[in-house]
Protein chains: 2
Amino acid sequence: MGFFSKTCEYALRAVMYIASQSSDGKKVGIKEVADKINSPLHFLGKILQNLSKEGLIQSTKGPQGGFYINPDGLKRPLADIVIAIEGTQFLNGCGMGLSYCSQENPCPLHDDFKEIRDRLNLMLHKTTIGQFNDKLIQGVLTLNK
Amino acid sequence: MGFFSKTCEYALRAVMYIASQSSDGKKVGIKEVADKINSPLHFLGKILQNLSKEGLIQSTKGPQGGFYINPDGLKRPLADIVIAIEGTQFLNGCGMGLSYCSQENPCPLHDDFKEIRDRLNLMLHKTTIGQFNDKLIQGVLTLNK
DNA sequence: TAATTAAAAGATATTTTTGTCTTTTATTGT
DNA sequence: ACAATAAAAGACAAAAATATCTTTTAATTA
């Protein structure tokens, strides 16, 4: 297993792809997204549907419809996606799975984990959804395979 | 979901508990371990069985039997447990799930993730299984709930 | 209004993870 | 040898994650 769940991996890749295509009000169909990020079509459908409900991406049905991200959305941090999918536990919970773990009642890895989680949080909060648009369009960065 | 799988969380807690009880050749039964780390008994049984096969812990059957960790084992890094359970992918794979992700063909998060993974690896490799024995015995650190 | 398009929603299937229960095997002590 | 103990092993079940397929709803265009 990877660091994030498959669901979260697909979500991150898909959102970044949609972002990179959303510059001039363009919309992309789910078939294109699934193809470009190499994910199962209908499974991705559910994921995008949820992200859409959360307001992280936008969509319209019908001809010329598809998914897109509005300018404000491009400025949101990646953390929003991760939290929407993995929940807050992933970024804030105890590394050893203890629910009462705290500074007063610490697990053996409490301090070490706090530092690593802090770094992960920092990274996910300072990085925005639209941050990679240019390099994705240029083809310098990859989202496929 | 947490950072590690339940299996890995139980494993880390159990191994640390067994370690803390292994100072003077003492052995602990699985019932005691499951109770002390608050995990499902038989599920933990499978986990310890696997760790035993990997040589990360030792066990003997029969009266006065149980699980223990030999002096060399106490010096091994936590990374050995995590790798035994989560696989190398967890500590080395691409954060976005791409199998061809590399410095030459990077995903958008390649560099950021590398730094976080490096820190996690460093921590898990410098921390040993037996490192918390004293504080666990003193009750300064917790493994339960 | 009708046909077409594309996401939303629902139903179902598969796989993996997590968990429980029972039987077997190995060890110890009598 | 026999009984008791405790892990190993196997069978099975429940829940969650992953995946596929079909139907419905909303939007567009002709």
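The values are calculated or read from the model by the stated rules, or taken from the named source; none is laboratory data. None of these values were measured; they are calculated from a predicted model. Ideal geometry is used to build each Cβ from the backbone, glycine not excepted, and the neighbour counts take in all protein chains shown. Calculation scope for accessible area: heavy atoms of the full protein, side chains included, ligands and nucleic acids excluded. Shrake-Rupley method; radii C 1.70, N 1.55, O 1.52, S 1.80 Å.
Among the conditions (1) more than 14 Å from chain A (Cβ to nearest Cβ); (2) part of a helix (DSSP H, G or I); (3) surrounded by fewer than 22 Cβ atoms within 10 Å (Cβ to Cβ), the only one that B:PHE43 does not satisfy is (1). Which of the following residues is open to solvent by 20 Å² or more (accessible area, probe 1.4 Å), polar (S, T, N, Q) and within 14 Å of chain A (Cβ to nearest Cβ): B:ASN70, B:ASN50, B:ASN38? Selected residue: B:ASN38, the only one of B:ASN70, B:ASN50, B:ASN38 that is open to solvent by 20 Å² or more (accessible area, probe 1.4 Å), polar (S, T, N, Q) and within 14 Å of chain A (Cβ to nearest Cβ). For region B:74-84, does any single residue satisfy the condition of being facing chain A (nearest Cβ under 8 Å), crowded, with 20+ Cβ neighbours inside 10 Å and within 15 Å of DNA strand C (Cβ to nearest atom)? Among the residues of region B:74-84, not one is facing chain A (nearest Cβ under 8 Å), crowded, with 20+ Cβ neighbours inside 10 Å and within 15 Å of DNA strand C (Cβ to nearest atom), which makes the answer no.
Do we find a residue being assigned to a loop (DSSP other than H, G, I, E, B) and open to solvent by 80 Å² or more (accessible area, probe 1.4 Å) anywhere in region A:121-138? Scanning region A:121-138, I find at least one residue that is assigned to a loop (DSSP other than H, G, I, E, B) and open to solvent by 80 Å² or more (accessible area, probe 1.4 Å), so the answer is yes. Condition first: at positive phi, more than 13 Å from chain A (Cβ to nearest Cβ) and either touching a Cys at 6+ places or on another chain (Cβ under 8 Å) or within 13 Å of DNA strand D (Cβ to nearest atom) (or both). Can you find one or more residues in region B:1-21 that meet it? No: region B:1-21 contains no residue that is at positive phi, more than 13 Å from chain A (Cβ to nearest Cβ) and either touching a Cys at 6+ places or on another chain (Cβ under 8 Å) or within 13 Å of DNA strand D (Cβ to nearest atom) (or both). Residue count for region A:22-43, restricted to those that are within 13 Å of DNA strand D (Cβ to nearest atom) and among the basic types (Lys, Arg): 2.
All of (1) out of contact with any Gly (no Cβ under 9 Å at 6 or more places or on another chain); (2) near DNA strand C (Cβ under 9 Å from one of its atoms) hold for B:LEU48 with one exception: (2). Listed residues B:GLN103, B:GLN138; which is within 30 Å of A:ILE137 (Cβ to Cβ) and more than 11 Å from chain A (Cβ to nearest Cβ)? It is B:GLN103. If the condition is being under 30 Å from B:SER52 (Cβ atoms) and surrounded by fewer than 18 Cβ atoms within 10 Å (Cβ to Cβ), then region B:92-111 contributes only B:ASN92. Per this entry, A:ILE69 is not counted among residues that are in contact (Cβ under 8 Å) with a residue 60 or more places away in the chain and either under 20 Å from B:HIS110 (Cβ atoms) or touching a Lys or Arg at 6+ places or on another chain (Cβ under 6 Å) (or both). Would you be able to say whether some residue in region B:3-22 is open to solvent by 60 Å² or more (accessible area, probe 1.4 Å), within 16 Å of the chain's Cα centre (by Cα) and closer than 26 Å to A:CYS94 by Cβ? Looking through region B:3-22, at least one residue is open to solvent by 60 Å² or more (accessible area, probe 1.4 Å), within 16 Å of the chain's Cα centre (by Cα) and closer than 26 Å to A:CYS94 by Cβ.
Hey, does region B:44-59 have a residue that's more than 13 Å from DNA strand D (Cβ to nearest atom) and either outside the structural domain of B:ASP134 (by TED's automatic domain parsing) or touching a helix residue (DSSP H, G or I) at 6+ places or on another chain (Cβ under 9 Å) (or both)?
Within region B:44-59, none of the residues are more than 13 Å from DNA strand D (Cβ to nearest atom) and either outside the structural domain of B:ASP134 (by TED's automatic domain parsing) or touching a helix residue (DSSP H, G or I) at 6+ places or on another chain (Cβ under 9 Å) (or both).
Regarding B:ALA34, is this residue away from DNA strand C (no atom under 14 Å from the Cβ) and either out of contact with any Ser or Thr (no Cβ under 8 Å at 6 or more places or on another chain) or not in a helix (DSSP H, G or I) (or both)? Considered against the rule, which asks whether it is away from DNA strand C (no atom under 14 Å from the Cβ) and either out of contact with any Ser or Thr (no Cβ under 8 Å at 6 or more places or on another chain) or not in a helix (DSSP H, G or I) (or both), B:ALA34 comes out as no. Being in contact with a Lys or Arg (Cβ under 8 Å, 6 or more places away or on another chain) and within 13 Å of A:ILE18 (Cα to Cα) is not true of A:PHE132. The set of residues in region A:53-67 being open to solvent by 90 Å² or more (accessible area, probe 1.4 Å) and within 6 Å of DNA strand C (Cβ to nearest atom) consists of A:LYS61, A:PRO63.
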